[in-house]
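A short write-up of the structure that comes next.
Read-outs throughout are calculated quantities, based only on the coordinates presented, and are distinct from any laboratory measurement. Here the structure is a predicted model, which is why all the values come from computation and not from measurement. So basically every Cβ, Gly included, is an ideal-geometry build from the backbone, and we count neighbours across all protein chains shown.
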Amino acid sequence: MSEYDYDELGLVAGLEIHQQLDTATKLFCQCPTELREPEEATRTFTRYLHPTRSELGEIDDAALEESRVEREFEYLAYDTTCLVEEDDEPPHELDEEALETALEIAQLMAMHPVDQANVMRKIVVDGSNTSGFQRSTLIATEGEIETSDGAVGIEDLLLEEESAQRVEETADGVRYSLDRLGIPLVEIGTKPDISSPEQALEAAERIGMLLRSTGKVKRGLGTIRQDVNVSIEEGARVEIKGVQSLDDIDDIVRNEVGRQAELVAIRDELEEREASVGEVQDVTEVFEGTDSGVIAGALNSGGSVTAVPLYGFDGIVGREIAPDRRLGTELSDHAKRHGAGGIFHTDELPAYGVTEAEVDALRDAVGAGPEDAVAIVAADADVAEAAIEAAAERAGTALEGVPEETRGANDDGTTRYLRPLPGAARMYPETDVPPVEPDPSEVPEPELLTEKVERYQDEYDLGAGLAEQVAYGQHMPLFEDVVADGIDPTLAASTLESTLTELRRDDVPVENLTREHLEDVFEMAETGDLPNEGVPDLLTELAEEPDRTAEEAAESAGLGGADDEEVREAVVEVVERNEAQVEEEGMQAFSGLMGECMGAMRGKADGDLVSQLLREEIQKRA
Amino acid sequence: MNPGDRVRVDRADRTYEGVLLPSSTDDHLVVKLEGGYNVGVDRAGADVEVLAEDVYEIEDMDAAGPDDEGEDDAADSEIEFDDDLPTISLLSTGGTIASTVDYRTGAVTAQFDAEDVLRAVPDLAGRANYRGRVVANILSENMEPPLWQDLAEAVSEEIEAGADGVVVMHGTDTMQYSASALAFMLETPVPIVFTGSQRSADRPSSDNVMNAVCAVEAAKSDCAEVLVCMHATESDDVCALHRGTRVRKNHTSRRDAFETVGAEPLGRVDYDAEEVSFRGDYQERGATELERREGLESDVELLKFTPGMDPAFLDVVEGSEGLVIEGTGLGHVHTDLIPRIEELIEDGTTVVMTSQCLEGRVCDRVYDTGRDLLEAGVVEAGDTLPGTAKVKLMWALENSEDVTEAMSTSLAGEIQERSVPWE
């Protein structure tokens, strides 16, 4: 990939970070914020959505485009969801714990809370919200964070409800799961102060660190999502949704800059060629009896082939604008939005079973010469017409440069067209929830993760690596709680970071371990009821049968509880069994016998104690 | 500075720029920011600069927005008459199905007329020719008996003018009372179908679209009765058709709040298949001539008896023409109240007994208390619902020669002869 001079191109980028909060209840009802499996659903129901006007009388473009296809949405409900998620009961008041956490985050980014927060409805009619809107509240504005390349301004902080999880496409629409709907979410939007892909990544990392410093955010796959807004000077603002991994952010920015730069170059070339987009027409006749599977398939089921001549576009439709994506791919994305499988264009034909003769006939039929290109769609008649119109419209936009739009992140760091940019017209006041007046004076200032790393090293003598693992790890709040209760920090840290990781590698189902399990195990280790050596075995026992308490598991597995006398007996037995060796080697035999003793105790005894008793017994005999 | 102006508000070290909106509290200015978010700014110490006046028309802001056309010709100009389609009259009384935001209270209020409903529910197009009419523009909790009479008159006029069916858009809170009133007041040759929405029309998920579509289909059907058409389940799949005198709103917020008490619903409308079907007998289209008797006695009360009730409540209704009691169980009140009830009856008040059980019929011959009530002259209303009984008594006092006989006889399906709730 070629590197671009971002300064010269005038790169401007901003981030939107969406982070789920780990509150006890959802944002607008008293249901737990617990995720479920679709199989656990207890009820289902179906709905349709219809776009409505905002209180200023406007309909949002994005909502309108989404609603052009009438779709039936099916929802899965659980014993952990209620009528609020089903949009069959008005929302309760804004969750206080979520508001407090949002204010804490605002404070960490030096933001200013609003005097009065008004809950808004953001119209979304893709079915991901049963109501047809997402409730979103502006909590604070105007803050900033530091990066090594200078400060990045924070535009706003919104407290929102998470949408329902898409389960799968159905014959008539989409199936959604209600477990996730209503989990509190903060959305943090930066100002467009970011001027390089590296700075974008660093800003995202910094925001992620600040969020986790509160200890009140959810962890794990899908609990944080990044959107990136990118434009270059001659390009346009493009919102890229759903960047799954933080590490992809710089690649996404790089590729989007490349795409916009290529589209600008294409515009200049088309202008020079005096290119234009012709009239859409039906060219079904050209493909009667074709060998192309795709086209024949459409025609056999009564469909048609539509085409648009792109005058002056020869060679340009097939031009690469991002890794493995061409201008033709953009046209295709728009055609797909209207139900077509995609488009074919003359820059890639003959291929896919379309012959050279058919290409020639196609060019003749639409009056395209050698310097022109032709795009076609084969599908059901109405789909073929709507799809080629959409592709033609996108081709027309290429004459103007880069279109403003919302795009989705692909796994390979490229993006695809999703929908037009949403506007202010999708915002409507949520009349069911009264405004709230945030009180920032009550908000505690959390210790930053970077500060925690230092403190863990200074106060607890943890190594730098372990300190960082704990501070940034998902067990940080548990670690702090148990250490405050008097548990040895080294034991807690190594158990939470190393032991659990090792057990997971050994296929122990550690995800079954509850906070209570871990707290009890630490407690047993601290009071001496369980030797430190027995911790992995006991955690394994608990993970495999999580219904038991730590004490029950220890007892049934015979872990812990060995007193000095029992240990001495076991040591004496080992020493006597190896009497000849002890007499011969004396203390040299220690390390070999130590292993044997520990094996005999099977984690029931503390290593220091065994070592001490074994030394004594060897000395007696040597 | 007025709502609709583009403003810049400075307060403390913050600046907000956007469109000024009416605020529901005196202490705050509400500004709609560029991104669409509304934010409240403390009025105290706020410095406001008007950047441009009247960017938006806030006062006239109804569903159609700034490009709203004149109301009178909207229906005529947009919709062509089709001889092959039946004519359905849409009457609006306000309520959730036709509501939008009220900036005074911040809550939802009624602001549409019938033409707006057509615009709001494009799915209605092509199913019928429509006549639109606004009878009232109120929230249904503000409904009053004189409006039932206006509504009955409007429905009659529509039927006389050739409507093949009438759909009444009504708030859900008191829909069952209005439906009962029309059921007693009108002999109808065409369907009269009440509908509304439980979830406001300003949300994409509103049940108004499906309810309105199904109501129009029911109004085209063969069942010439007063019906209530609302969601049968939480899904957008089927609407139930309830007899107006047997229906009750049994949930505060669910789409399927309306239920027929003591029986299965009379019919259903399958939304996808657009099919109307009935499970029981009904009065067929054209079986009767249009007849209207809308007289009502307004001096009638409904009293719910509960343990510990102050007997003085009965003093309040002294001299009233009618009293419906919502008694316990089979139709009882505290025995100490019986002498006072007897006095009321001797004084000329018609006292009717219903049950707060809602399911089942009253029977005052089983226990002594009941027998004493009958002795005192209380009239049993069978399995008539308490609310329906009140409306019926208001009507019967003006229109029936023998009120006692009328209250224990089914006039509009309000009393079921056989107790077969599973049918």
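Neighbouring Cβ atoms from other chains, within 10 Å of the Cβ of residues in A:428-434, number 6 on average.
Charge dipole of region A:77-209 (Cα centre as origin; +1 on each Lys and Arg Cβ, -1 on each Asp and Glu Cβ, all else neutral): 320 debye, rounded to the nearest 20.
The sum of -39500 (n - 2.57) across all DSSP H runs of n ≥ 4, divided by the residue count of chain A, sets its helix-only mean residue ellipticity at 222 nm to -11500 deg cm²/dmol. Ranked by how many other Cβ atoms sit within 10 Å of their own Cβ, fewest first, the residues B:Ile415, B:Ile88 fall in the order B:Ile415, B:Ile88. What fraction of the DSSP beta bridges in chain B is antiparallel, stated in percent and rounded to the nearest 5? Beta bridges within chain B, antiparallel portion: roughly 60 percent. Here region B:264-423 is treated with +1 on each Lys and Arg Cβ and -1 on each Asp and Glu Cβ, and its dipole about the Cα centre works out to around 360 debye.
Within 10 Å of the Cβ of each residue in A:134-144, the mean number of Cβ atoms contributed by other protein chains is 2. Computed over neighbours whose Cβ is under 12 Å from that of A:Glu16, the net charge equals -3, Lys and Arg +1, Asp and Glu -1.
Quick one: compute the contact order of chain A, relative version, from alpha carbon pairs under 8 angstrom and 6+ residues apart, as a percent. After rounding, I find 14 percent.
Calculated on the alpha-carbon coordinates, the convex hull of region B:300-407 measures out at 85 cubic angstrom per residue.
The residues neighbouring B:Ala263, those whose beta-carbon lies less than 11 Å from its own, together hold a net charge of -1 under the Lys/Arg +1, Asp/Glu -1 convention.
Put simply, when A:245-254, A:157-166 are sorted by average Cβ atoms within 10 angstrom per residue, most first, you get A:157-166, A:245-254. Checking the cross-link pairs A:Lys26/A:Lys452; A:Lys26/B:Lys390; A:Lys191/A:Lys216; A:Lys216/A:Lys336; A:Lys26/A:Lys336 against a 31 Å limit on the alpha carbon distance flags A:Lys26/B:Lys390; A:Lys216/A:Lys336; A:Lys26/A:Lys336 as lying beyond it. The residue list B:Ala287, A:Ala375, B:Phe184 was ranked by how far each Cα lies along the charge dipole of the protein assembly as shown toward its positive end, using unit charges on Cβ atoms, and B:Ala287 comes out on top.
Think of it as helices only: each DSSP H run of n ≥ 4 in chain B is worth -39500 (n - 2.57), and spread over all residues that comes to -6000 deg cm²/dmol at 222 nm. Here the calculated FRET efficiency for B:Gln356 and A:Arg505, from their Cβ-Cβ distance with R0 = 41 Å, stands at 0.05, rounded to the nearest 0.05.
Considering only A:Gln107, A:Leu263, A:Ser276, and ranking their Cα positions along the charge dipole of the protein assembly as shown that arises from unit charges at the beta-carbon of Lys, Arg, Asp and Glu, the one farthest toward the positive end is A:Ser276.
When the pairs A:Lys122/B:Lys304; B:Lys220/B:Lys249; A:Lys241/B:Lys249 are compared against a 32 Å limit on Cα-Cα distance, A:Lys122/B:Lys304; A:Lys241/B:Lys249 fall above it. Packing-based ranking of B:366-375, B:29-38, A:173-182 yields A:173-182, B:29-38, B:366-375, ordered from highest to lowest mean Cβ neighbour count within 10 Å. Cross-link reach is defined here as a Cα-Cα straight distance under 26 Å, omitting same-chain residues fewer than 8 places apart; for A:Lys620 the lysines meeting it are A:Lys604.
By other beta-carbon atoms within 10 Å, ranking A:His334, B:His242 with the fewest at the front produces A:His334, B:His242. Any idea how far apart A:Asp324 and A:Arg166 come out in nm if each label point goes 7 Å out from Cα toward Cβ? In this crude spin-label approximation the distance works out to 2.0 nm.
For chain A, the Cβ-based charge dipole about the Cα centre amounts to some 1380 debye (Lys, Arg positive; Asp, Glu negative; other atoms uncharged).
Summarising the label geometry, the points placed 7 Å from Cα in the beta-carbon direction at B:Glu153 and B:Thr252 lie 3.7 nm from one another. Scanning chain B for cysteines with no neighbouring cysteine C-beta under 4.7 angstrom from their C-beta gives B:Cys223, B:Cys229, B:Cys357, B:Cys363. Give, as a single signed number, the net charge of other residues whose beta carbon lies under 12 Å from the beta carbon of B:Lys304, with Lys and Arg counted +1 and Asp and Glu -1. So the environment of B:Lys304 carries a net charge of -1.
For the segment A:109-120, counting C-beta atoms of other chains within 10 Å of every residue's C-beta and taking the mean gives 5. Only one residue of A:Phe28, A:Met524, A:Ile240 has its Cα farthest out toward the positive end of the dipole of chain A, where Lys and Arg carry +1 and Asp and Glu -1 on Cβ, and that residue is A:Ile240.
For the pair A:Glu348 and A:Phe590, the difference between a 0.36 nm per residue extended length and the Cα-Cα distance amounts to 79.4 nm. Distance from a point 7 Å along Cα→Cβ of A:Arg455 to each backbone N in region A:87-113: keep the residues under 19 Å and list them by number. Label zone hits: A:101, A:104-110. Across chain B, Cα pairs under 8 Å and at least six residues apart give a relative contact order of 11 percent. With contacts taken as Cα pairs under 8 Å and at least 6 residues apart, region A:276-398 reaches a relative contact order of 38 percent.
Spin-label model, A:Glu288 to B:Met1: label points 7 Å out along the Cα-to-beta-carbon direction sit 7.3 nm apart.
Exposure proxy for B:Ser408, A:Ser231, B:Ser180, A:Ser301: other Cβ atoms within 10 Å of each Cβ, ordered fewest to most, give A:Ser301, B:Ser408, A:Ser231, B:Ser180.
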